[in-house]
Amino acid sequence: MDVLMNNYGSRAVELVRGHGAYLYDADGKEYLDFTAGIAVCNLGHAHPAVAGALADQAQTLVHCSNLYLIPGQVRLAEKLTALSGLEQAFFCNSGAEANEAAIKLSRRYAWQKGETERTQIVTLPSAFHGRTLGSLSITPKPAYHQGFTPLLPDCFTPPALADVVDAISERTAACFVEVVQGEGGVNVIDRDVLHAISARCREVGALLVVDEVQTGVGRTGSFFAFREVGLEPDIVTMAKGLANGVPVGAVLARAEVAAAFTPGSHGSTFGGNPLAMAAANAVVDIASQPQFLAAVRQRGEELSHALTQFGDEVSGKGLMLGITVADAKAFAAAALAAGVLVTAVGERRVRFVPPLIIESSHIADLVTRLRGAGL
Ligand SMILES: Cc1ncc(COP(=O)(O)O)c(C=O)c1O
């Protein structure tokens with residue numbers, strides 16, 4: 001263990017195998033997975049379509065770099081632009097990288113228009129956009145900043161949600177929003193607030209960026225959460241569920257905005273490589289089907305109802321739900337002992353983000369296990 005850096009603290013559980021909504025440790029102990037690799041394994045573990053696509057691609061071509069056209073990128077971009085209403089895509093390897101690229105694209109778009117003073121990025125209180133220096137700069141959690149300053153200049157988060165609209169000005173390049181904040185505690189951002197932010201962005205010429213890293217790929221019961229609330233973003237970022245665990249990130253943008261990325265202005269060695277694209281294409285073909293999304297909404301309602309017996313303030317959308325308990329870490333630890341994986345997001349908030357393929361029987365199993373743990 002000493003050979004690994006300690007940034008994740010000690011990790012007692014060692015998982016070696018997964019199937020559907022269940023994971024297994026080296027001794028064969030079974031865990032019901034309501035964490036899904038932090039909202040990543042949306043199709044569950046060892047999904048045959050993803051495994052098959054990966055196996056085929058691994059025997060064909062894993063990597064060739066972006067010096068050459070990758071057909072899987074074109075296929076995935078066609079699907080994601082059709083689903084989002086945006087026009088062009090850029091592929092990278094993670095959520096932080098997607099947001100990093102979106103920061104760069106927003107500033108570069110302003111710069112290309114000659115608006116060189118328009119550099120500010122505005123974000124919402126309790127937002128989470130990643131851990132790289134750029135994405136960390138737009139993640140207003142002081143504990144995550146400690147020892148890493150100075151961060152990127154000109155990033156601003158007002159103290160209250162009600163102040164975000166006023167914070168957006170002619171100097172703002174972009175405002176980043178999450179429709180449901182995941183790491184911030186599973187907070188559904190009020191639709192009217194989102195629309196007021198969007199209107200203010202239009203008024204002053206700032207871009208609206210929706211971070212769908214956690215909410216996207218069906219998590220909230222729609223393929224994109226922003227479409228459910230009627231937003232029209234200029235840029236959308238994605239990652240997590242997009243390839244069911246194979247590292248991938250994506251930035252989608254209106255063509256006029258995307259044009260700011262001219263040849264050589266941004267790039268990635270691994271981004272959008274054939275292996276990741278094979279997995280992502282397989283995932284999107286399944287997770288964009290109306291009956292798949294309808295099932296997520298149905299299971300979400302059942303889970304939301306079931307969770308009322310374990311905590312207060314049940315919130316979220318689809319299968320992205322949170323509850324308030326007395327001590328979130330203690331709750332997660334007791335659940336773990338009972339063979340249930342959940343995560344604490346804040347001192348009193350517990351998050352439930354199971355694979356989207358769960359059935360009612362998995363919710364019944366969750367209830368039995370949590371009750372058995374005295375929760
Ligand atoms: C909304 C959101 N944006 C960005 C990120 C960062 O993604 P990654 O960990 O893939 O860099 C996360 C991760 O939790 C997230 O929830």
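The values are calculated or read from the model by the stated rules, or taken from the named source; none is laboratory data. This is a predicted model, so every value here is computed, not measured. As a convention, Cβ positions derive from the backbone with ideal geometry for all residues, glycine included, and neighbour counts pool all protein chains shown. Areas reflect the complete protein model, heavy atoms only, side chains present, ligands, DNA and RNA absent. Shrake-Rupley method; radii C 1.70, N 1.55, O 1.52, S 1.80 Å.
Quick notes on this structure:
- Search result, residues across the range 86-115 that are over 14 Å from SER268 (Cβ atoms) and of a type in the set (S, T, N, Q): GLN88, SER106, GLN112
- Residue match in the range 259-267 (condition: open to solvent by less than 20 Å² (accessible area, probe 1.4 Å) and either modelled with pLDDT of 95 or more or more than 16 Å from the ligand (Cβ to nearest atom) (or both)): yes
- Residue match in the range 145-154 (condition: open to solvent by less than 30 Å² (accessible area, probe 1.4 Å) and either over 22 Å from PRO247 (Cα atoms) or not small (Gly, Ala, Ser) (or both)): no
- Residues of the range 77-125 classified as among the hydroxyl-bearing types (Ser, Thr, Tyr) and either touching a Lys or Arg at 6+ places or on another chain (Cβ under 8 Å) or free of Cβ contacts under 8 Å to residues at least 60 places away in the same chain (or both), total: 4
- Close contacts from the range 302-319, counting a first residue that is over 20 Å from THR215 (Cα atoms) and a second that is outside any loop (DSSP other than H, G, I, E, B) and open to solvent by 30 Å² or more (accessible area, probe 1.4 Å), with Cβ to Cβ under 6 Å and a gap of 6+ residues or different chains, come to THR308/VAL314.
- Criterion applied to ARG227, ARG219 was being within 16 Å of the ligand (Cβ to nearest atom), of a type in the set (D, E, K, R) and either in a strand (DSSP E or B) or modelled with pLDDT of 95 or more (or both), and the one residue passing it is ARG219.
- Criterion (touching a Lys or Arg at 6+ places or on another chain (Cβ under 9 Å), of a type in the set (A, V, I, L, M, F, W, C), surrounded by fewer than 20 Cβ atoms within 10 Å (Cβ to Cβ) and outside the structural domain of LEU321 (by TED's automatic domain parsing)) met by exactly one of VAL188, VAL217, VAL164: VAL188
- The range 87-102, subset open to solvent by less than 10 Å² (accessible area, probe 1.4 Å) and part of a helix (DSSP H, G or I), residue nearest to the ligand (Cβ to nearest atom): ASN99
- Screening ALA250, ALA239, ALA259, ALA225 for residues that are touching an Asp or Glu at 6+ places or on another chain (Cβ under 7 Å) and either among the hydrophobic types (A, V, I, L, M, F, W, C) or under 27 Å from GLY44 (Cα atoms) (or both) leaves exactly one candidate, ALA225.
- Filtered residues of the range 296-317 (kept if in contact with a strand residue (DSSP E or B) (Cβ under 9 Å, 6 or more places away or on another chain), over 14 Å from GLY185 (Cα atoms) and outside any helix (DSSP H, G or I)): THR308, PHE310
- Filter result (more than 16 Å from the ligand (Cβ to nearest atom) and open to solvent by less than 10 Å² (accessible area, probe 1.4 Å)) within the range 230-256: ASP234, ALA253
- When each of LEU105, LEU76, LEU80, LEU124 is tested for being more than 16 Å from the ligand (Cβ to nearest atom), under 16 Å from VAL210 (Cβ atoms), assigned by TED's automatic domain parsing to the domain that holds GLY182 and buried (at least 20 other Cβ atoms within 10 Å of the Cβ), the lone residue that passes is LEU80.
Here is a yes/no grid of residues against (1) at pLDDT 95 or above; (2) among the hydroxyl-bearing types (Ser, Thr, Tyr); (3) in contact with a His (Cβ under 6 Å, 6 or more places away or on another chain):
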residue	(1), (2), (3)
ALA89	yes, no, no
ALA102	yes, no, no
GLN112	yes, no, no
THR139	yes, yes, yes
THR157	yes, yes, no
ASP163	yes, no, no
ASP166	yes, no, no
